[in-house]
Every structure is written in C-alpha cells, then in structure tokens.
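Nothing in this text is a laboratory measurement; each read-out follows from the coordinates by a stated rule. Remember, predicted model here, so these are calculated numbers, not experimental data. Backbone-built Cβ (ideal geometry, glycine too); neighbour counts: all protein chains shown.
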Amino acid sequence: MSEHKVVLITGVSSGIGRAAAMAFKARGCQVFGTVRDINTASPLNGVALTEMDVRDEHSVQVAIESVIAKAGRIDVLVNSVGVSLIGAVEETSVE
C-alpha cells in the first residue's frame with residue numbers, strides 16, 4: 001500500500017479548494033479534486049479531477065466510488081465546495 005495520503009477535496013475550481021489541492025500535492029499526497037463540470041474545469045498539475053455535484057446524491061456516490069476504485073481508499077476529505085442555502089440548516093432537507 002502506498003505511504004502517501006490519498007486526499008479528496010471538493011470544489012477545486014477556485015478559491016480555498018484549489019489552494020488546498022495544491023498544498024496537499026506539494027506535501028506529496030495523491031490528490032483528487034471535484035468539479036461540477038469536468039469539461040469546463042481548468043486542469044491542476046498533479047491533481048486528478050473528478051466530476052461531482054454535491055447537490056446530487058448519486059453524483060457524490062459515483063465520485064467517491066471512482067476515487068476509491070483508483071486509489072483504494074480516501075485518507076483525508078476536505079469539503080470546500082460553495083453552496084448557497086437560505087434557511088436554518090437544521091430545518092432544511094437535503095433535497
């Protein structure tokens with residue numbers, strides 16, 4: 001088994017997610033980053049992009065399974081995707 005940590009970061013298109021992906025990669029980790037649309041995403045050197053829309057439970061499941069199929073595991077998860085939500089979290093359903 002690889003000694004490198006396998007890191008999955010949501011929302012690597014920009015901002016904190018993109019910076020985190022580059023920081024983990026610089027530390028020698030195997031990094032997977034999620035983007036909503038793989039066809040329009042800007043590549044990140046050394047980061048494997050995976051399509052995922054966090055608003056779609058099936059999309060999330062497929063992306064997680066894809067990373068595990070490629071790397072065998074996920075050691076670190078960084079949730080940095082931005083989502084707009086109006087209302088109290090405890091009173092809002094996933095749908």
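Annotations for the structure displayed:
- When residues in the range 3-40 are screened for being of a type in the set (S, T, N, Q) and under 18 Å from His58 (Cα atoms), 2 of them pass.
Listed here are the residues, each with its yes/no results for (1) closer than 14 Å to Thr10 by Cβ; (2) free of Cβ contacts under 8 Å to residues at least 40 places away in the same chain.
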{"site": "Gly28", "(1), (2)": "no, yes"}
{"site": "Glu51", "(1), (2)": "yes, yes"}
{"site": "Val54", "(1), (2)": "yes, no"}
{"site": "Val60", "(1), (2)": "yes, yes"}
{"site": "Glu65", "(1), (2)": "no, yes"}
